[in-house]
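S.K.: Take this structure first; my questions come after.
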Amino acid sequence: MNNLKSLFLLIIVFISFLEITAQTDSVKLKTPENFFGFQPGTDRSLFNYDPLIEYLQLVADVSPRVKMIEIGESPMGKKMYATFFSSEENISNLDRLKHINKELAINPNLSENEVKTYTNEGKVFIMAALSMHSTEVGPSQSAPLLAYELATTTNPKLLSWLDDVVYMIVPSHNPDGMDLVVNHYNQSKGTKYEGGNLPVVYHKYVGHDNNRDFITLTQSDNLAVARLYNKTWYPQVMVEKHQMGSYGPRYFVPPMHDPIAENIDERIWNWTWIFGSNMATDMAADGLAGVSQHYLFDDYWPGSTETALWKNVIGLLTECASVQFAKPIYVEKNELRASGKGLGEYKKSINMPFPWNGGWWRLSDIIKYELSSTWSLIKTGSIHKNEILLNRNALCKKEVKKGKTMAPAYFIMSHSQHDKGELNGLITLLDEHGISVYKSFDKIQYKGRVIEKGDYIVPLAQPFRAFIKEVMESQKFPARHYTAGGEMIKPYDITSWSLPLHRGVSSFQIDEVVDDLETALIKVEFPLLLDDEHSDNTKSIVFPVNRNESFKMAFAAMSLGVEVLRVTESYKVGEVILQKGDFVINISKDNSGKLHEIFSELTVSPVSLPENISNNVEKLELPKIALIETNFHDMDAGWTRYIFDTYQIPFTIVKPGEVKEKDLSEFDVIVFPDNNKSILLEGKYKGSSGTYSIPSYDPQFTKGIEKEGVQKLMKFVNDGGTILSWGLSTGLFLGAQSIKITEKEKEEFQLPVPDISDNLKKKGLYAPGSLLNIDLKTDHPLTLGMQKTAKVFSRGRPVFSTSIPYFDTDRRVIAAYPDDNVLASGYAKNNELLEGKSAMVWAKKGKGNFVFYGFYPQFRASTSGTYKLLFNALLLK
């Protein structure tokens, strides 16, 4: 009995010691309210990125339960971090736990005893990416409260959970956007436009589309986040924290709604039910109403941060109802509604058993929901620690086994591609995704297929097999219906993302393991090394037109003042055939130093010649380019800016409202990315019913081109300029047009290029984002470097027809859909309606040119197979 009393006293002393230690730490550590000058979540108060990081670093400096590491850089150069929270012992042992994560995730050869040892010793890592969409401020604003609680808590339950779990957050997935949004809100606070929309994309380039970039990983912030689960920390669970609209449920937790990706193992989907159901239960127990599940959000496409799902990570999504940044809103009960899959009406249902009934909704409410969902995630990770860790290695082994026993067994890419640079880019991207790529060191023949020495092979017997299969094959949309034979559940986003098809890289699959091939594989090491084939005798360098990076070199060289020539007719120089459209730089003392600056961007060596080239060439002039970008979160223009910057193409941004006053003669080319005609013309959105919606912007940001501006654009072309237009922006230039000659005189005309997509839609055409085949007009200035056929990304509009022109107009069909087999990848209902229709048209008016695209030549920087159709147009004379 005395021994029991002594033990009891020791326990009390130990607990008291822990409480005193925690209290001491909390005394050293400023509360979030003291640090920021307000409690995070306070109405109309937001902090930006630097103070957030400063506070989290302060917490890490004081608390042994917290550690911060740098993980990368944002597109605007801000350092990015991951912050780890766990028990003191786990934080001090992070390197060992990181090793265990990696072994369980990607080592299929672990013995049963090794798995058991790692499972017992390891911890569940839950990774949270906060506020990638920067207008969705709540998750990042909650981070200091989360950090303070985890650093100072004496709650025995929470401390016991932290013994089993390492909770790691990226406190702001989009630092640049966070500062843009917070600064905009603070500038408008107190004015009648407080809470109005930010008049730029909330990112250097892509805005909301940063959550569409997790296959191609073009943006540096996304790359930094993806590396955490692709190549470094290998968390078992990942949650992406977002906000949604204000009129529906207050919160969404998994599981997702159909359709779901068929390549992902059922165990992953079942685990999302467990985490999601626990969140719904725990949040309801905390008195938080309006939590929904199995609603609106599907998970069939791998563009978001949840691409981690295809890497055997239990990938989760949460969405909270928004306020106007930090401005509270009042929602009447009759304004509440449900829209989309899973909730036909806003009523108590199995997918929302505890509805919210309206009232005030504040940033502090969002933070309550964020914290409650986080505690539930950590608790679930702790409860199921061993199962989750065992599951990770079981899936690793299962996927490798599938790769050895199920088709396909390999994807093969010839080393001899039309555009070798795109091949190099593709395999480098696979490496970023944690995929091993191999080369064949011998020629192999198998069932009529020939694999040449040097060809690239991607075996599917890898832990991330689901991802390999998903991005290397053509897509077939997993059509699901609300009822048998009834309406199909429409896709949330696009339906095609095949890397080879989008990049114009040829590949094929072999469906079974080939012993001869297995013994002929050499693993490719990254980064790839450029073979320097230049000699001291080199007099000129040729950049073949079939390579995208040749255009990059041409634009970069011209920007540096280096003379660039372009071949006007194909001919032979020694043993080298110069193709029409190739770029040539003759080496001189004046330019040799500048060329070294641009050669670092190459992935494929250009062609060296021992003589200067002067025959069958013309000097290129660097075009002066205007890019039209609206203030309406113009993502397609943002992607175009990204492409132009990446390919070193100089340009000037012109807002629609500036066109009337701008001297357009200072430009050679004006580029109109996809945007609604009414937004461009009038600065407001016109719906299909013909009614206008007033935009939520300060009016100074909503000025349109207006009719006078359109007339100036027409005069610009008539005088010799070029306009490029794709998507809905083409509607600005089709139909009846006029050019003002004098105050009393104008010239009226119509281009012989109507858009017939509305008629096709009425007949049943539906292309929600599909990859379509086209046939190209060869030996045309717009198609130089292209093959006879290509694959283009389309949403089914516009689609062009042509007619015999009058007066000083003309037209040529540059690309048309084939007479059969229009669909290359994805889903397009009644796509036979496109057969033989025009997909790209050149039109002439006066001395100038229009180039109209019925597809996106640069869609989300993922369709490099059609970049040359854009680049050639920029150089069109």
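S.K.: Taking the condition of being under 34 Å from the mean Cα position of the chain (by Cα) and among the β-branched types (V, I, T), how many residues in segment 509-527 meet it? Spell out how you get there, then give the answer.
M.R.: Within segment 509-527, the subset under 34 Å from the mean Cα position of the chain (by Cα) is 509-513, 521-527.
Those left that are additionally among the β-branched types (V, I, T): 510, 513, 522, 524.
Final tally of qualifying residues: 4.
S.K.: Going residue by residue through segment 91-112, is there one that turns out to be at positive phi and at pLDDT 95 or above? I'd like the intermediate steps shown before the answer.
M.R.: Let us first name the residues in segment 91-112 that are at positive phi, namely none.
The answer is no; no qualifying residue exists.
S.K.: Picking from L217, L198, L228, L162, which residue would you name as being aliphatic (A, V, I, L, M), under 22 Å from E70 (Cβ atoms) and crowded, with 20+ Cβ neighbours inside 10 Å?
M.R.: Details: L217 fails: crowded, with 20+ Cβ neighbours inside 10 Å; L198 fails: under 22 Å from E70 (Cβ atoms); L162 fails: under 22 Å from E70 (Cβ atoms).
That would be L228, the only listed residue that is aliphatic (A, V, I, L, M), under 22 Å from E70 (Cβ atoms) and crowded, with 20+ Cβ neighbours inside 10 Å.
S.K.: Across segment 804-840, which residue is most open to solvent (accessible area, probe 1.4 Å) among those that are more than 25 Å from G764 (Cβ to Cβ) and of a type outside the set (A, V, I, L, M, F, W, C)? Before you say what the answer is, go through the steps one by one.
M.R.: Step one: list which residues in segment 804-840 are more than 25 Å from G764 (Cβ to Cβ), which gives 804-812, 814.
From what's left, of a type outside the set (A, V, I, L, M, F, W, C): 805-806, 808-812.
Details: P805: 36, Y806: 167, D808: 53, T809: 15, D810: 37, R811: 53, R812: 100 Å².
Only one residue fits best here, namely Y806.
S.K.: State which residue is farthest from L875 (Cα to Cα) when the search covers only segment 532-543 and only residues that are touching an Asp or Glu at 6+ places or on another chain (Cβ under 8 Å) and surrounded by 14 or more Cβ atoms within 10 Å (Cβ to Cβ). It would help to see each step written out before you state the result.
M.R.: Taking segment 532-543 as the starting set, the residues that turn out to be touching an Asp or Glu at 6+ places or on another chain (Cβ under 8 Å) are 539-540, 542-543.
Remaining after also requiring surrounded by 14 or more Cβ atoms within 10 Å (Cβ to Cβ): 540, 542-543.
Numbers: S540: 22, V542: 18, F543: 16 Å.
Selected residue: S540.
S.K.: So I494 ticks every box in (1) within 22 Å of Q858 (Cα to Cα); (2) assigned to a strand (DSSP E or B) but one. Which box is left unticked?
M.R.: Result: I494 passes all but (2).
S.K.: Please go through segment 857-876 and give me each residue that is assigned to a helix (DSSP H, G or I) and either in contact with a Phe, Trp or Tyr (Cβ under 9 Å, 6 or more places away or on another chain) or without any contact (Cβ under 8 Å) to a residue 60 or more places away in the chain (or both), ordered by number. So that I can check it myself, show each step before the final result.
M.R.: First, pick out the residues of segment 857-876 that are assigned to a helix (DSSP H, G or I): 859-861, 864-874.
Scanning segment 857-876 gives F859, R860, A861, T866, Y867, K868, L869, L870, F871, N872, A873, L874.
S.K.: If you don't mind, there's one more thing I want to ask. Can you name every residue in segment 676-690 that is modelled with pLDDT of 90 or more and in a loop (DSSP other than H, G, I, E, B)?
M.R.: Within segment 676-690, N676, G683, K684 meet the criteria.
S.K.: Please go through segment 101-135 and pick out each residue that is of a type in the set (D, E) and touching a Leu at 6+ places or on another chain (Cβ under 9 Å). Full working, then the answer.
M.R.: Keep residues of segment 101-135 that are of a type in the set (D, E), which gives 103, 112, 114, 121.
Of everything in segment 101-135, those that are of a type in the set (D, E) and touching a Leu at 6+ places or on another chain (Cβ under 9 Å) turn out to be E103, E121.
S.K.: Would you pick out the residues in segment 165-186 that are crowded, with 20+ Cβ neighbours inside 10 Å, assigned to a helix (DSSP H, G or I) and out of contact with any Ser or Thr (no Cβ under 6 Å at 6 or more places or on another chain)?
M.R.: Start the filter on segment 165-186 by keeping residues that are crowded, with 20+ Cβ neighbours inside 10 Å, which leaves 165-178, 180-182, 184-185.
Still in the list and also assigned to a helix (DSSP H, G or I): 175-178, 180-182, 184-185.
L180, V182, H184, Y185, listed by residue number.
S.K.: Hey, can you tell me all the residues within segment 108-149 that are surrounded by fewer than 24 Cβ atoms within 10 Å (Cβ to Cβ), of a type in the set (A, V, I, L, M, F, W, C) and closer than 30 Å to N393 by Cβ?
M.R.: Result: L110, V115.
S.K.: Does at least one position in segment 686-707 carry a residue that is among the acidic types (D, E) and in contact (Cβ under 8 Å) with a residue 40 or more places away in the chain? Steps first, please.
M.R.: So the first thing to find is which residues in segment 686-707 are among the acidic types (D, E), and the list is 698, 706.
From the residues that got through so far, the ones that are in contact (Cβ under 8 Å) with a residue 40 or more places away in the chain too are 698, 706.
Yes, the conditions are met somewhere in segment 686-707.
S.K.: Run G735 past the list (1) free of Cβ contacts under 8 Å to residues at least 60 places away in the same chain; (2) farther than 24 Å from L870 by Cα; (3) not hydrophobic (A, V, I, L, M, F, W, C) and report the number of the one that doesn't hold.
M.R.: G735 satisfies all of (1) free of Cβ contacts under 8 Å to residues at least 60 places away in the same chain; (2) farther than 24 Å from L870 by Cα; (3) not hydrophobic (A, V, I, L, M, F, W, C) except (2).
S.K.: Does G276 fit the bill of being open to solvent by less than 10 Å² (accessible area, probe 1.4 Å) and in contact with a His (Cβ under 9 Å, 6 or more places away or on another chain)?
M.R.: Values: open to solvent by less than 10 Å² (accessible area, probe 1.4 Å): yes; in contact with a His (Cβ under 9 Å, 6 or more places away or on another chain): yes.
Spelling it out, G276 is indeed open to solvent by less than 10 Å² (accessible area, probe 1.4 Å) and in contact with a His (Cβ under 9 Å, 6 or more places away or on another chain).
S.K.: Does segment 512-521 hold any residues that are exposed (fewer than 12 other Cβ atoms within 10 Å of the Cβ) and not in a helix (DSSP H, G or I), and which are they? Can you show your working first?
M.R.: Here is the first cut: in segment 512-521, the ones exposed (fewer than 12 other Cβ atoms within 10 Å of the Cβ) are 515, 519.
The answer is T519, and nothing else.
S.K.: A further question on this structure: Got a sec? Which strands (runs of 3 or more DSSP E) wholly within segment 789-841 have at least 3 residues that are touching a residue at least 12 places away in the same chain (Cβ under 8 Å) and not hydroxyl-bearing (S, T, Y)?
M.R.: Values: elements: 789-794, 809-816, 823-825.
Output list reads 789-794, 809-816.
S.K.: What are the residues in segment 307-337 that are of a type in the set (A, V, I, L, M, F, W, C), farther than 30 Å from N186 by Cα and out of contact with any Pro (no Cβ under 7 Å at 6 or more places or on another chain), if any?
M.R.: Selection gives A308, L309, I314.
S.K.: Looking at (1) under 30 Å from E487 (Cβ atoms); (2) over 31 Å from the mean Cα position of the chain (by Cα); (3) modelled with pLDDT under 95; (4) polar (S, T, N, Q), which is the one condition that is false for T742?
M.R.: So the condition that T742 fails would be (1).
S.K.: Would you list the strands (runs of 3 or more DSSP E) that sit entirely within segment 585-647 and hold 2 or more residues that are more than 16 Å from M558 (Cβ to Cβ) and at pLDDT 95 or above? Spell out the reasoning first.
M.R.: Working: elements: 607-609, 617-619, 625-628.
In segment 585-647, the matching strands (runs of 3 or more DSSP E) lie at 607-609, 625-628.
S.K.: Just to verify a result, which residue in segment 544-578, among those that are farther than 18 Å from L784 by Cβ and in a loop (DSSP other than H, G, I, E, B), is least open to solvent (accessible area, probe 1.4 Å)?
M.R.: Once the filter is applied, the top-ranked residue is V562.
S.K.: State yes or no: is F467 touching a residue at least 60 places away in the same chain (Cβ under 8 Å) and part of a helix (DSSP H, G or I)? Reasoning before the result, please.
M.R.: Numbers: touching a residue at least 60 places away in the same chain (Cβ under 8 Å): yes; part of a helix (DSSP H, G or I): yes.
Yes.
S.K.: OK, next. Is one or more of the residues making up segment 126-134 closer than 20 Å to N386 by Cα, assigned to a strand (DSSP E or B) and under 30 Å from the mean Cα position of the chain (by Cα)? Talk me through it step by step, then tell me what you get.
M.R.: Of all residues in segment 126-134, those closer than 20 Å to N386 by Cα come to 126-127.
Next, from what is left, pick out any that are assigned to a strand (DSSP E or B): 126-127.
Going one step further and asking which of them are under 30 Å from the mean Cα position of the chain (by Cα), we end up with 126-127.
Yes, segment 126-134 contains at least one residue that is closer than 20 Å to N386 by Cα, assigned to a strand (DSSP E or B) and under 30 Å from the mean Cα position of the chain (by Cα).
S.K.: Can you pull out every residue in segment 424-464 that is in contact with a Lys or Arg (Cβ under 6 Å, 6 or more places away or on another chain) and assigned to a helix (DSSP H, G or I)?
M.R.: Result: L426, single match.
S.K.: Take the residues of segment 35-71 that are open to solvent by 20 Å² or more (accessible area, probe 1.4 Å), in contact (Cβ under 8 Å) with a residue 24 or more places away in the chain and within 24 Å of the chain's Cα centre (by Cα): which is farthest from L223 (Cα to Cα)?
M.R.: In this case the residue turns out to be N48.
S.K.: S246 fails exactly one of the following numbered conditions: (1) within 17 Å of the chain's Cα centre (by Cα); (2) of a type in the set (G, A, S); (3) surrounded by fewer than 23 Cβ atoms within 10 Å (Cβ to Cβ). What is the number of that condition?
M.R.: S246 satisfies every listed condition except (1).
S.K.: Quick test of your reading of the structure: I494 fulfils all but one of (1) closer than 30 Å to I613 by Cα; (2) touching a residue at least 12 places away in the same chain (Cβ under 8 Å); (3) of a type outside the set (S, T, Y); (4) out of contact with any Phe, Trp or Tyr (no Cβ under 6 Å at 6 or more places or on another chain). Name the failing condition by number.
M.R.: The one condition I494 does not meet is (1).
S.K.: Something else: Within segment 805-841, track down each residue that is aromatic (F, W, Y) and closer than 20 Å to N759 by Cβ. Talk me through it step by step, then tell me what you get.
M.R.: Filtering segment 805-841 for residues aromatic (F, W, Y) gives 806-807, 817, 827.
Scanning segment 805-841 gives a single hit, Y817.
S.K.: Going by what's in this entry, would A289 be described as among the small types (G, A, S) and in a helix (DSSP H, G or I)?
M.R.: On the way: among the small types (G, A, S): yes; in a helix (DSSP H, G or I): no.
For A289, the condition - among the small types (G, A, S) and in a helix (DSSP H, G or I) - is not met.
S.K.: Identify the residue in segment 88-104 that is assigned to a helix (DSSP H, G or I) and polar (S, T, N, Q) and, among all such residues, is most open to solvent (accessible area, probe 1.4 Å). Break it down into steps so the answer makes sense when it comes.
M.R.: Going through segment 88-104, the residues assigned to a helix (DSSP H, G or I) turn out to be 88-92, 94-104.
With the extra rule that they be polar (S, T, N, Q), the set shrinks to 90, 92, 101.
Values: N90: 8, S92: 98, N101: 1 Å².
That would be S92.
S.K.: In segment 580-614, what count of residues is obtained for those that are without any contact (Cβ under 8 Å) to a residue 60 or more places away in the chain and within 20 Å of D779 (Cα to Cα)?
M.R.: The number of residues fulfilling the criteria is 3.
The values are calculated or read from the model by the stated rules, or taken from the named source; none is laboratory data. Computed from a predicted structure; not experimentally measured. Quick reminder, even Gly has a Cβ in these numbers, built from the backbone with ideal geometry, and neighbours come from all protein chains shown. Quick note on the areas: whole protein, heavy atoms, side chains included, nothing else; ligands and nucleic acids left out. Shrake-Rupley method; radii C 1.70, N 1.55, O 1.52, S 1.80 Å.
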